[in-house]
Amino acid sequence: MYNGAECLLLPPVPVSTFIKAADAVTRNNANWIPPHGSGALYLCPLLFGSGEELGVKASNEAIFCIYCSPVGNYFKGGLKAIKLQAVKGYSRAAPGGSGSVKAGGNYAPAFLVQKKVWERGYDEALFLDAVSGEAIEEAGASDFFAVYPNNTIITPPLSSGTILPGVTRSSIIELAQNECGCTVLEKPLRISDLHGVVEVFCCGTGASITPVGSVNVHHGENEVDEKEPLNFVFGDGTNAGLVNKRLYQMLLDIQMGNGGNDALHKKYGKWVHIVKPIEEDDGSE
């Protein structure tokens, strides 16, 4: 949000104010938190211009708020693999734009292509770059990771300026390197590079870590391609791979405080922010 505010000329919210607001929303909506293991209370911070001007310019006033809602899994079916479809001729962001910040305007333009992908029987759209139309960027609102047989993981780089630098993304990179012995490379990943990949997963705040069973390539509404449609299947196309399962369980254990791995909690305890509940009124003054 801080980077997005600077990019869109909104007043950045101080970190201390942000944390105080998130704590207050969580405490006052504690009754809406789902039972342990069945979901989470999703917090959605929002910062928007609220000035009275009608001109096309930055607002001189802004409102910061946080709303929340109990949620289940982002993709239904638990740790079952989803199907992605890449659509040629469409991209969600271009170099030099605002694709690397969390702005509402980055989501709405993807709604139409997502609707068409769902109608064709896929779970989410896989977005390709605007320059070549071949490089993978994001899977819906999630980051994309490909695992190769030699325990090398490739994820698209942030250097393009079109991918959101998510917290879950950086957490997965750190866990994969430090706990799974994987080599993680942040470099361009083209559709053709999916040959030989053994696992694919996407990650995000809502999606957590979700396995991808297949990637199909659609050539757009106005393009005619005489080649056979490209369809990549990873593993058995249905279940999560070993690396995916291990990363998912570690991240879940850290987030939920699950027992059985004290060393993991001690090492990554800095990732966890504990919200103290509102003390019950005991009737004393």
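Values in this text are rule-based calculations from the coordinates and carry no lab data. None of these values were measured; they are calculated from a predicted model. A quick note on method: Cβ atoms are made from the backbone with ideal geometry, for glycine too, and the neighbour counts reach across all protein chains shown.
Across q = 0.16 Å⁻¹, the range 82-223 modelled as identical point scatterers on its alpha-carbon atoms has Debye log10 I(q)/I(0) values of -0.80, in the order of the q list. With contributions of -39500 (n - 2.57) from each DSSP H run of at least four residues, the per-residue ellipticity at 222 nm computed over the chain stands at -6500 deg cm²/dmol. Kirkwood hydrodynamic radius computed over the range 140-237 comes to 14.5 Å, based on all pairs of distinct alpha carbons. Under a model in which nothing but the beta-carbon of Lys, Arg (+1) and Asp, Glu (-1) is charged, the chain shows a dipole of about 400 debye around its Cα centre.
Using the Cα coordinates of the chain, the gyration tensor eigenvalues translate into equivalent-ellipsoid semi-axes of 33, 27, 17 Å, sorted from longest to shortest.
Using only Cα atoms, what is the ratio of the radius of gyration of the range 108-192 to 2.2 N^0.38 Å? Compactness ratio reported: 1.17.
For the range 42-119, the spread of Cα positions along the three principal axes, ordered from largest to smallest, is 46, 36, 21 Å. Within the same chain, lysines fewer than 8 places from LYS267 are excluded, and of the rest, those with a Cα less than 26 Å from its Cα are LYS20, LYS245, LYS276.
Counting each pair of different Cα atoms once, what's the Kirkwood radius of the range 18-82 in Å, rounded to one decimal?
When all Cα pairs of the range 18-82 are included, the Kirkwood radius is 14.5 Å.
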